[in-house]
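Reading through the structure tokens given below for one structure.
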Amino acid sequence: MDETSATPGQHPSMSPDELRAAMRALDCRTQSDLAAAIGVSRSAVSLWLEGKVGVPRPVAMLLRMLVQARRRGF
């Protein structure tokens, strides 16, 4: 089962829309900006945004923590 599939009662780790919102919150204007910020390839970010591959859960957790920290002023 790939990361975009969810078993009943579960959700994918992060939707493309949530990823876009995280990018905006983190001032990542391009896929390359986000890729450099979290240490992944630009092509991985592209696949996540297109919904072709799910965002790995650890990456989704990291992004959510970074967004929360940004909102708190860290």
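The values are calculated or read from the model by the stated rules, or taken from the named source; none is laboratory data. Since we're looking at a predicted model, the values are computed, not measured. Cβ sites come from the backbone with ideal geometry, for glycine too, and all protein chains shown count toward neighbours.
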**Prompt:** Among the residues of region 45-57, which ones are surrounded by 14 or more Cβ atoms within 10 Å (Cβ to Cβ), under 10 Å from the mean Cα position of the chain (by Cα) and either of a type outside the set (A, V, I, L, M, F, W, C) or part of a helix (DSSP H, G or I) (or both)?
**Reply:** 45, 48, 49, 54, 56
**Request:** Kindly indicate whether residue 24 is of a type in the set (Lys, Arg), out of contact with any Asp or Glu (no Cβ under 9 Å at 6 or more places or on another chain), assigned to a loop (DSSP other than H, G, I, E, B) and modelled with pLDDT of 95 or more.
**Result:** no
